[in-house]
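Undergrad: Handing you a structure now.
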């Protein structure tokens, strides 16, 4: 019963269209729309790694990178 309700909520989630003219991108949440606009329209990497200063358009990619980068920084600190 829980699985069905999760799927039902996802299928019926409010969809938001990209506000740029002639763009057909649609997403279920604000973060995805912002990431899309940053990467496809204004080319602005809104997320920066605090460890190595790498830049990312997507919050998800930034978070994935931070897990890897912070573990590399931590392991380097342990060596000294």
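The values are calculated or read from the model by the stated rules, or taken from the named source; none is laboratory data. The model shown is predicted, which means the values in this text are computed figures rather than measured ones. Quick reminder, even Gly has a Cβ in these numbers, built from the backbone with ideal geometry, and neighbours come from all protein chains shown.
Undergrad: Looking at region 10-23, can you tell me whether even one residue there is in a loop (DSSP other than H, G, I, E, B), under 25 Å from residue 63 (Cα atoms), touching a helix residue (DSSP H, G or I) at 6+ places or on another chain (Cβ under 8 Å) and modelled with pLDDT of 90 or more? Write out each step before concluding.
TA: The first filter runs over region 10-23 and keeps only residues in a loop (DSSP other than H, G, I, E, B), leaving 12-15, 18-23.
Still in the running and under 25 Å from residue 63 (Cα atoms): 13-15, 18.
Filter again for touching a helix residue (DSSP H, G or I) at 6+ places or on another chain (Cβ under 8 Å), leaving 18.
Next, from what is left, pick out any that are modelled with pLDDT of 90 or more: 18.
Within region 10-23 (the criterion being in a loop (DSSP other than H, G, I, E, B), under 25 Å from residue 63 (Cα atoms), touching a helix residue (DSSP H, G or I) at 6+ places or on another chain (Cβ under 8 Å) and modelled with pLDDT of 90 or more), the answer is yes, since at least one residue qualifies.
Undergrad: State which residue is surrounded by the most Cβ atoms within 10 Å (Cβ to Cβ) when the search covers only region 27-53 and only residues that are in contact with a strand residue (DSSP E or B) (Cβ under 7 Å, 6 or more places away or on another chain) and not in a helix (DSSP H, G or I).
TA: It comes out as 47.
Undergrad: Then there's this: State whether one or more residues within region 58-75 are at pLDDT 85 or above and outside any helix (DSSP H, G or I).
TA: Within region 58-75, one or more residues are at pLDDT 85 or above and outside any helix (DSSP H, G or I).
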